[in-house]
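Novice: First, the structure itself, so that you have it in front of you.
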Amino acid sequence: MHYVWQHRLVMQPDMVTTDGERVEVIDPGMLNRDAGPDFFNAKVRIGSRLWCGNVEMHVRASDWHRHGHDSDRAYNSVILHVVAADDCRIELPDGRRMPQMVMRCAPDFNERYRRMVDSPADRLACFDELAGAPSVYVTDCLTAMAFERLYEKVERMLAMLDRLDGNWPEVVYVTLARALGFGLNSQPFEQLALAVPLRTLLKHRDTPEAIEGLLFGQAGLLPPEQAGEDMHLTLLRREYAFMCGKFGLAPPCGMMWRMARTRPQNFPHRRIAALATMVSEGFSVASRVYSVRNLDDARALFHTSLPYYWQRRYNFGEPSGPASTQAFSRPSTDILVINLVVPLLYAYGSRFGNHAMQDTATALLEQLPAERNSITRLFAEAGVECRDAFTSQALIQLRRAYCEPRKCLYCRLGHRFLSQKAKYRP
């Protein structure tokens, strides 16, 4: 009922009160999500008079008494009582009868809404409607979703900038670490970067083993000492013990690394080793990223070679898997561009009024190939074509922020599909 009123979808041809006076909604008012009447500052013409005040809604008119509104002074300013069932009349303290109107919409509107929000979680709630939707509506929604997702990343980055006292290199370092989690381990990677600041690591850039040992030790990923372990692991453990004594370190609590039922390629070890290598080489990404002008520049930031020890390992222990000198594959590099370079350029451009940098950020999304995952496949089944990362980011935002929590009423497409069927037809 709130949704229908707020978006003016009620709206049988001749709206009248239960006393037969004509009702015209000039302004539905502002939805109130706290205590008090449901809509503030509405403007409603009832008969020949224009009323300004609050609107209250109930499924049954008798809920007014059941909820105790008759003894609550906050409801004395209600100018119209909107109900689904007119089972009683409301008398005001001054003896007047409360204007009351029965809300009517299309008979199947509530059924359609329930069918959408109660649909199985593994399918799109609006699958049937989306397949036949005009492309202009889909494009409009996806453009808004892509920027909504980008703005969320930018806001996170600017909040981190404030937390780190305006230190942009530290922001790049923490954001890169989070991006290296590739969703699965983003949170522990961010915790690790905050626990071991970039400035601390750069003091030891001439000793790569010290940087690697410090990161693995603080991550809690150095295995217990055992006989016959390889020399590299012994060296990392020794370096970490030295650093702990020097800086009085303790691993951060709650480092919940997710490795169960995941492929070895998704283990965090090689990614931590890659981060350690980038730091020991001076972490030039923190300065080079602002010079990115095209996709080749962005990808070049992550051309990093792994140390020999990690070229055939996904974990500590015996070598396994094919040899690979590059830290990141092309798909992984593109994800890092999406999650680090694009929001960083946009955030930096936003902070300093550099619109060309913001344009470069959005152009990169349009040049990058679309991500291939369960979300893009789900929309592809409904006929939504995904050609670039701009669109795939939009689909991820749409799915995560609206489809999964079933916020169909707040989704542009969901609102359009529902509102088209909400109009009352006698």
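Novice: With n ≥ 4 as the cut-off for DSSP H runs, can you work out [θ] at 222 nm for the chain, using -39500 (n - 2.57) per run divided by the number of residues, rounded to the nearest 500?
Specialist: Values: 19 runs with 187 residues, N = 426.
Theoretical 222 nm ellipticity from helices: -13000 deg cm²/dmol.
Novice: Taking Rh as the Kirkwood radius computed over C-alpha pairs, what is the Stokes-Einstein D of segment 111-231 at 4 °C in a medium of viscosity 1.567 mPa s, expressed in µm² per second?
Specialist: Values: Rh = 18.7 Å.
Rounded, D is 69 µm²/s.
Novice: Nearest 0.05, what FRET efficiency do F247 and E281 give at R0 = 25 Å with Cβ-Cβ as r?
Specialist: Details: r = 22 Å, r/R0 = 0.89.
In this case the efficiency is close to 0.65.
Novice: In nm, to one decimal, how far is the S71 label point from the Y308 one, both placed 7 Å along Cα→Cβ?
Specialist: 8.4 nm
Novice: Taking only the alpha-carbon atoms of segment 254-315, what semi-axes of the equivalent ellipsoid follow from 5 times the gyration tensor eigenvalues under a square root, in whole Å, largest first? Mind showing how you got there, number by number?
Specialist: Numbers: eigenvalues 134, 38, 29 Å².
In descending order, the three semi-axes are 26, 14, 12 Å.
Novice: May I pose another question? Using the charge dipole of the chain (Lys, Arg: +1 at Cβ; Asp, Glu: -1 at Cβ; taken about the Cα centre), state which of F352, A210, A382 has its Cα farthest towards the positive end.
Specialist: Final value for the positive-end residue is A382.
Novice: If I model a spin label as a point 7 Å beyond the Cα along the Cα-Cβ vector, how far apart are those points for E21 and D128 in nm?
Specialist: 4.2 nm
Novice: Need the C-alpha centroid separation for segment 96-138 versus segment 190-222, integer Å.
Specialist: Segment 96-138 and segment 190-222 have Cα centres spaced 52 Å from each other.
Novice: Of the listed values (1) 51; (2) 28; (3) 39, grab the one calculated as percent of Cα pairs over 34 Å apart from the structure here.
Specialist: The listed entry that was calculated here is (1).
Novice: Placing unit charges on C-beta atoms (Lys and Arg positive, Asp and Glu negative, everything else neutral), compute the dipole magnitude of the chain about its Cα centre in debye, rounded to 20.
Specialist: Values: 52 positive and 48 negative charges, 63 e Å.
With only Lys, Arg, Asp and Glu charged at Cβ, the dipole is about 300 debye.
Novice: Follow-up question, since we're still on this one. Quickly work out the Q326-to-D140 label distance, labels modelled 7 Å from Cα along the C-beta direction, and quote it in nm with one decimal.
Specialist: If labels sit at D140 and Q326, their model points lie 4.2 nm apart.
Novice: Using only Cα atoms, what is the ratio of the radius of gyration of segment 2-104 to 2.2 N^0.38 Å? Numbers along the way, then the final one.
Specialist: Values: Rg = 12.4 Å, N = 103, 2.2 N^0.38 = 12.8 Å.
Normalised Cα radius of gyration, segment 2-104: 0.97.
Novice: How high is the FRET efficiency between R49 and K407 when r is their beta carbon distance and R₀ equals 35 Å, given to the nearest 0.05? Intermediate values should be presented prior to the final figure.
Specialist: Values: r = 37 Å, r/R0 = 1.07.
According to the calculation, E is roughly 0.40.
Novice: Report, in debye and to the nearest 20, how large the dipole of segment 336-412 comes out about its Cα centre when Lys and Arg carry +1 and Asp and Glu carry -1 on their Cβ.
Specialist: Values: 9 positive and 7 negative charges, 70 e Å.
Dipole about the Cα centre, nearest 20: 340 debye.
Novice: Let's test the formula: R0 of 25 Å, r as the Cβ-Cβ distance of L235 and K203. What FRET efficiency results, to the nearest 0.05?
Specialist: E(calc), rounded to 0.05, equals 0.85.
Novice: Counting other beta carbons within 10 Å of each Cβ, put V341, V292 in order, fewest first. All intermediate terms of the calculation are to be shown ahead of the outcome.
Specialist: Details: V341 28, V292 22.
Taking fewest neighbouring Cβ atoms as first place, the list is V292, V341.
Novice: Also: Taking the Cβ of A276 as the center, what net charge do the other residues with Cβ under 12 Å away carry, scoring Lys and Arg +1 and Asp and Glu -1?
Specialist: Working: positive: R205, R270, R271; negative: E209, E212, E239, E281.
Spelling it out: positives minus negatives among the neighbours equals -1.
Novice: Here's another thing I want to ask about it. With charges only on Cβ, +1 for K and R and -1 for D and E, what is the dipole size of segment 265-403 about its Cα centre, in debye, rounded to 20?
Specialist: 320 debye
Taken together, the values in this text are just the output of simple stated rules run on the coordinates, not laboratory data. What you are looking at is a predicted structure, and each value in this text was computed from that prediction instead of being measured. So basically every Cβ, Gly included, is an ideal-geometry build from the backbone, and we count neighbours across all protein chains shown.
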